[in-house]
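Working notes, structure below.
The values are calculated or read from the model by the stated rules, or taken from the named source; none is laboratory data. Bear in mind the structure is a predicted one, so any value in this text is a computation, not a measurement. Positions of Cβ are generated from backbone atoms using ideal geometry, with glycine treated the same way; all protein chains shown enter the neighbour counts.
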Amino acid sequence: MTKSIARFSWRNHLRKMKEILLVVIALFIRFPLYILTHPIDGFYEMKHNRQGRLRVAAVFFVIHAVLGIVEFTYTGFLFNTTDPSQFRFLRSILVSVAPYLIFIVANWSITSLMDGKGRFKEIFMVTGYAFFPIIVLRIISIFTSNFFTLEEGFFYHGAITLGYLLMFYLLFMGMRSIHEYSVLRAVTTVILTMVSMSVIVFLGLLALNLAQQIVLFLQTIIREIMLRL
């Protein structure tokens, strides 16, 4: 009797693990692959039939950021050009994620003025799912870089370049789909988004510099007060 209960419990655990694995494959592999091979239909399904998941897009963001650290640690020495003394974990993560977050804000602000149909959440999801090809190819490149010679470096750099090209292609097709734009209007929006990103970065740097000046000013005042006491 005890053995039968244990066997049933074990089979129940296996069935639950299988179900979880199938859900993970569907969310993180099958649908992203469908978007990669059928971007127009895939992003339509995401917008109108709620096929995508916000948490999946967020996980892809995190993976893309973490891969910067993984590349520094595990890329073959022939292709690892990062100076260890100059590498900073926080800066690596910031460089990996910040431009895309700024893109999301900039695109949302521009498309709001140009009758775009996409919501902020959908822009974030499109950007997250667009990471899928570059994530896969970066992982493959990290592994194969330990076996390639310099003469075979074309395949390493080619895979990374292909990954980014596919990412930007998906990003463009996704933005066009969720905002329901024509090709010309989508291209115009991308250009204006780039301009908006430049403005955001400029204002951010200006605000950061102003904050530093204020902090230095307050520190000077406090130091003067302390010396006079």
- request: Just need a number here: residues in region 169-208 that are surrounded by fewer than 10 Cβ atoms within 10 Å (Cβ to Cβ) and over 30 Å from residue 45 (Cβ atoms).
  value: 0
message: Restricting to region 190-223, name every residue that is among the hydroxyl-bearing types (Ser, Thr, Tyr), over 12 Å from residue 110 (Cβ atoms) and touching a helix residue (DSSP H, G or I) at 6+ places or on another chain (Cβ under 8 Å).
response: none
message: Please count how many residues of region 49-58 are part of a helix (DSSP H, G or I) and free of Cβ contacts under 8 Å to residues at least 60 places away in the same chain.
response: 1
message: Looking at residue 162 and the list (1) in contact (Cβ under 8 Å) with a residue 60 or more places away in the chain; (2) surrounded by 13 or more Cβ atoms within 10 Å (Cβ to Cβ), which single condition is not satisfied?
response: (1)
- line: By residue number, the members of region 81-113 that are more than 22 Å from residue 167 (Cβ to Cβ) and in a loop (DSSP other than H, G, I, E, B) are 83, 84, 85, 86, 87, 88
message: Can you tell me which condition residue 63 does not meet? The list is (1) more than 17 Å from residue 177 (Cβ to Cβ); (2) at pLDDT below 85, and all the others hold.
response: (2)
query: Take the residues of region 162-209 that are assigned to a helix (DSSP H, G or I) and charged (D, E, K, R): which is farthest from residue 115 (Cα to Cα)?
result: 176
message: Name the single residue that is nearest to residue 89 (Cα to Cα) among those in region 44-58 being loosely packed, with under 15 Cβ neighbours inside 10 Å and in contact with a Phe, Trp or Tyr (Cβ under 9 Å, 6 or more places away or on another chain).
response: 58
message: Could you tell me how many of the residues in region 114-135 are touching a Leu at 6+ places or on another chain (Cβ under 9 Å) and assigned to a helix (DSSP H, G or I)?
response: 12
